[in-house]
Every structure is written in C-alpha cells, then in structure tokens.
Amino acid sequence: MSTTSITIQPIRIPESLETSDAEDFVASSELANLVTGQLWGNNDLWVSPAVRLEGARANDYEQSLLWAAKDGDRHVGRAVLEMTKRDNLHSAFVYVMVHPGFRRQGIARELLWTAEASARDHGRRVLQSYSEHRAGFDPEAADVLRAKTGTGSLPGSSAAVCFARSHGYELEQVERFSVLALPADDARIESLESQAAAKAAEYRLVVWEDVCPEEFVDQYALLRQRMSTDVPLGEIDYQEEAWDRARVRQGEEELRRKGGHSLVIAALQLASGELAGHTFLDYYPEKPDVIYQEDTLVLRAHRGHSLGMLMKAHNLLRVGRIWPEGQRLLTWNAAENEHMLAINDALGFVPAGYEAAWQKRLGASA
Ligand SMILES: CC(C)(COP(=O)(O)OP(=O)(O)OC[C@H]1O[C@@H](n2cnc3c(N)ncnc32)[C@H](O)[C@@H]1OP(=O)(O)O)[C@@H](O)C(=O)NCCC(=O)NCCS
C-alpha cells in the first residue's frame, strides 16, 4: 500500500461557483456524482454542484466540513463531516468515498482519520455514517452482516461493509430504498385514498407548495421535530432535533436557493385544530425525472386512522399534475418499519436497494 503521492486537503466552501476558489468544490462534487453513479448504475442520485453548494453552506442549524484526497491536482477521494449546531451536539455525520481507480491504497482510511479527528476537536463523541447497496444479493448467504435491529442485512464482502467494520463502525440499522415508477396507477391509488378517507372522517387535508402557510408554521415545526425521533432509529444515538418556525423558513429558503420545490400535505384534526401528521415530496427541475419522497409522520396520538395512507395517496395523485415529467419516486424506510413499508408496497413501490446506518463511539484518543 502506498499513499505517498496523495495529499489530504480541506476544501473551502466557496461563496459562489463563479469565484476562482470554487474549482475544488466543483471537482469534488463531480467525484461524488461519479462514485454514486457507478455504485447504482444510473444517475438518479446525481446532484449538481450548485445544489451541493447550497446544501453545504453553514447556517444557524448545521455546518459541513469537506476534505479532498488529491493525486497532484486530481480529486481522487472526498470526505464530508456534517455537524448540527442546536441539537445532537454529541454526534456528527461522516461520509467518505474514493474514485474506483484509486481504491485499496489506504486513501479512505486517511480521509476518515482526518474527519474523525476534526469531529473529536469539535467535541463530538459519536459518529454516524451510511453506505449504499444495490438489491440482488442473497440475504441468506453465509457472509451477510445482519443489522443490530434484527431486521435487514448487507453483503459482508462489499467494500463499504469491510471498510466500515475495519474502522470500528457497527451496523445499527438497514433501510430499504424503494422506487415507484411514475405515472402511478391512479385508479388503484384513488381506491386506496377513498378507503383511507373513510377511516379519517375527523380530519381534513391541508396542502401547500414550497412555503408553509403562516397559520400552520409553528405546528409544522413541531411535526418536523417529532419526525427526527418518531421514526424507528434502532440504537442510533440521535436525539430530538430542535425545530421552530425559523428553522422551517430556513429550510424553505434553502430549497428555493437550490431551485427545488416541495409538495406538502398535512392532516388537520377538525375538532382540535391540531396538525396530526404530514408527508412531503421534493423536486428539482434540473433533474425532472426524479422526485424524492421525504418525511411521512403521523403523531402517536393520531395513529390508527389511516392518515399515513391518506396523505401519501393524495400527494401521489397530485404529483402527476404538478410535476408531469417525474418518472420515478424514490424513498428510504427502516427495514423494520412494517407499517410504512406496507403502505408503500400497496402504493406500488418496489425495493431497489439498501442503505446501511453505521455508528461508532469515539474513544478518548482513538
Ligand atoms: C468504501 C471505500 C470508501 C473504501 O475506499 P478505499 O480507499 O479503497 O479504502 P482503504 O484502501 O482506505 O481501505 C482501508 C481498509 O478498509 C478495508 N477495505 C476497503 N475496501 C475493501 C474491500 N474492497 N474488500 C475488503 N476490505 C476492504 C480493508 O480493511 C482496508 O485495509 P487493507 O487494504 O489494508 O486491507 C470505497 O470502496 C468507496 O468509495 N466506496 C463507495 C462509497 C462508500 O460506500 N462509502 C461509504 C463507506 S462507509
């Protein structure tokens, strides 16, 4: 193994892509797209440098640090460290990747050590990461690695699995990545929607695009806060996020700067005037064929009224009208989240892959 010609350098997050110091940020974004495209065999998870830049800018709630592994001027590896500022001050999120032509030279190890040292310097004691895996491996094979939740497994020989394990990361959870081909089967979805509506007579749906109506923004912030821990997390050490109206507005403004749009549906309980749950989709006109299914949450006190199905079915029926170029809807759900997966299966989603949630507790000096 030799890494002598490789240097690890921090990447500055530039003011704009037009400034002279943006070159490294753009090259690193391109590397991220190359590695992700190769991993999945398609460009569904391609993200433009402009969108990555808006996502990487520090704000009141989070900051990102980036490093490059360079062979001369060429970017051959990348590490990202994301840290929240208002909550979860004990943890950080790390992700490393290496160009397929430069693997098994110790580059990812160097990148990871650099990011871990920085996390420690920022007082973070727990690191979380993820890895992505195509569907199609044999879940019963002798070498599969099972998640600590007891549900979901990964191919034990995959590079990411070997790398994560060899650096002390444990497989806490497996998420199923699913895709729904669009246009969806409207007749089937209308029927699911009306069955769900029959059980949800005490509620009415509230719909908005991009900007939450002022009258609901405080309640919507509470839903976003609950979403951070009401989903199954296994033993991932993640505490409830701190959301308020300013954070909702910051997220909307960030999406606007990215050129993206969102379609949100919430369920309003008529008697109490309380928002009981929400679901939303994101869409980027720069990549019109792909739509992302983001949060879906029903608050515990309101479960059992088919609100999850009602909101998702209603959103799906609208999607074809407002974003007709969408070809695929992508979503990620914990493998043990049976209720959500049952709703998605009924709507027509099919498994396309798996995402592993890794975690490591940093030792005092390790
Ligand atoms: C996982 C990944 C980052 C590894 O990059 P890399 O530069 O090849 O990794 P390194 O050379 O630093 O490997 C360090 C150790 O990890 C383990 N490892 C890495 N790749 C491995 C593989 N294909 N098979 C077995 N072990 C592997 C080994 O223990 C290796 O040490 P060794 O070479 O001395 O045996 C790279 O394959 C990649 O970019 N994959 C796609 C992105 C990704 O999944 N990132 C998330 C990782 S959690």
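General observations
- Once the chain from Arg300 to Trp332 is taken as fully extended at 0.36 nm per residue, the excess over their C-alpha distance is 9.4 nm.
- q = 0.16 Å⁻¹: log10 I(q)/I(0) that the Debye formula gives for segment 183-326, counting C-alpha atoms only: -0.91
- Listed by chain and number, the lysines whose alpha-carbon sits under 21 Å from that of Lys258, ignoring those within fewer than 8 places in the same chain, are Lys287.
- Sites Ala117 and Val207 - FRET efficiency at Förster radius 45 Å, r taken between beta-carbons, to 0.05: 0.45
- Taking the chain and dividing mean pair separation by its residue count, relative contact order in percent (alpha carbons under 8 Å, at least six apart): 20
- Order by protection proxy (mean Cβ within 10 Å, highest first), peptides 319-326, 271-278: 271-278, 319-326
- Of the accessible area of segment 10-142, computed with a 1.4 Å probe over protein heavy atoms only, carbon and sulfur atoms account for 48 percent.
- Whole-angstrom gap from segment 1-46 to segment 68-91, using each part's C-alpha centre: 11
- Environment charge of Tyr130, counting only residues whose C-beta is closer than 9 Å and scoring Lys/Arg +1, Asp/Glu -1: -3
- Placing +1 on each Lys and Arg Cβ and -1 on each Asp and Glu Cβ, with no other charges, gives the chain a dipole about its Cα centre of roughly 700 debye.
- Helical contribution to [θ] at 222 nm, DSSP H n ≥ 4, -39,500 (n - 2.57), averaged over the chain, rounded to 500: -10000 deg cm²/dmol
- Highest GNM mean-square fluctuation among Glu110, Glu338, Glu18, for the chain modelled with Cα contacts below 10 Å: Glu18.
- Charging the Cβ of each Asp and Glu at -1 and of each Lys and Arg at +1, and nothing else, the dipole of segment 183-326 about its Cα centre rounds to 280 debye.
- Pairs of Cα atoms nearer than 8 Å and 6+ residues apart set the relative contact order; for segment 183-326 it is 30 percent.
- Under 14 Å, Cβ to Cβ, from Gln105 - net charge with Lys/Arg +1 and Asp/Glu -1: +3
- In terms of packing, defined here as the mean over residues of other Cβ atoms within 10 angstrom, the peptides 349-360, 121-132 line up highest first as 349-360, 121-132.
- Build a GNM of the chain with springs between Cα atoms under 10 Å apart, and of Leu205, Leu31, Leu270 the one that fluctuates most is Leu270.
- Between helix 186-198 and the chain: long-axis angle, C-alpha atoms, 0 to 90°, nearest 10: 60
- Within the same chain, lysines fewer than 8 places from Lys199 are excluded, and of the rest, those with a Cα less than 29 Å from its Cα are Lys312.
- Average accessible area per residue (Å²) across the chain - probe 1.4 Å, nucleic acids and ligands excluded: 46
- For Glu294, the residues whose amide H sits under 5 Å from its own are Phe280, Leu281, Asp282, ignoring neighbours fewer than 5 places away on the same chain, with H placed 1.01 Å from N.
The values are calculated or read from the model by the stated rules, or taken from the named source; none is laboratory data. Just so you know, these numbers come straight off a predicted model, no measurement behind them. Cβ sites come from the backbone with ideal geometry, for glycine too, and all protein chains shown count toward neighbours. Side chains are part of the model used for accessible areas, which takes the heavy atoms of the whole protein and leaves out ligands, DNA and RNA. Shrake-Rupley method; radii C 1.70, N 1.55, O 1.52, S 1.80 Å.
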